[in-house]
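Please treat every number below as a calculation from the coordinates, not as lab data. Remember, it's a predicted structure, so these values are computed and weren't measured experimentally. So basically every Cβ, Gly included, is an ideal-geometry build from the backbone, and we count neighbours across all protein chains shown.
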Amino acid sequence: MISKKVKETVYERDSFGYTPYPNCVTCGTTGKHHLHHIGKRSQGGNDTERNLINLCMKCHNIIHNEKPEVRKALQAKIDEHMIDKYGEDWNSEC
């Protein structure tokens with residue numbers, strides 16, 4: 001279960017200055033979003049801010065259900081955002 005504090009931290013990090021509304025990191029839309037686990041929980045991914053990112057419903061569905069090349073393009077945007085926030089080793093704690 002993701003703690004309220006972690007959710008608030010991720011929303012703040014991904015708000016791009018438009019708090020309290022987080023942005024989808026891949027397409028930029030604001031509003032209600034899903035917290036996406038970058039490292040899948042089923043594969044040991046945790047509920048920390050370094051493993052969570054805001055995605056709109058459309059992008060969240062794409063990253064889970066679309067063709068590999070489409071998912072890869074979205075993953076590249078996620079990686080870029082997280083490297084900008086935490087540095088090159090951002091995923092070492094996921």
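Which one of these is among the hydrophobic types (A, V, I, L, M, F, W, C), surrounded by fewer than 16 Cβ atoms within 10 Å (Cβ to Cβ) and either on the phi > 0 side of the Ramachandran plot or touching a residue at least 40 places away in the same chain (Cβ under 8 Å) (or both): ILE38, ILE78, ILE2, ILE83?
Answer to the check: ILE2.
Scan (1) basic (Lys, Arg); (2) in contact (Cβ under 8 Å) with a residue 60 or more places away in the chain; (3) in contact with a strand residue (DSSP E or B) (Cβ under 7 Å, 6 or more places away or on another chain) for the single condition LYS7 breaks and write down its number.
It fails just one condition, (2).
Which one of these does VAL6 not meet: (1) over 13 Å from the mean Cα position of the chain (by Cα); (2) hydrophobic (A, V, I, L, M, F, W, C); (3) over 22 Å from ALA76 (Cβ atoms)?
It fails just one condition, (1).
Being in contact (Cβ under 8 Å) with a residue 40 or more places away in the chain and either of a type in the set (Phe, Trp, Tyr) or outside any helix (DSSP H, G or I) (or both) is the filter here, so list the residues in the stretch 41-60 that pass it. Even if it seems obvious, please write down each step before you answer.
Here is the first cut: in the stretch 41-60, the residues in contact (Cβ under 8 Å) with a residue 40 or more places away in the chain are 45-54.
Selection gives GLY45, ASN46, ASP47, THR48, LEU52, ILE53, ASN54.
Restricting the stretch 56-73 to residues that are touching a helix residue (DSSP H, G or I) at 6+ places or on another chain (Cβ under 8 Å) and over 20 Å from GLN43 (Cα atoms), which is surrounded by the most Cβ atoms within 10 Å (Cβ to Cβ)?
Among them, the one singled out is CYS59.
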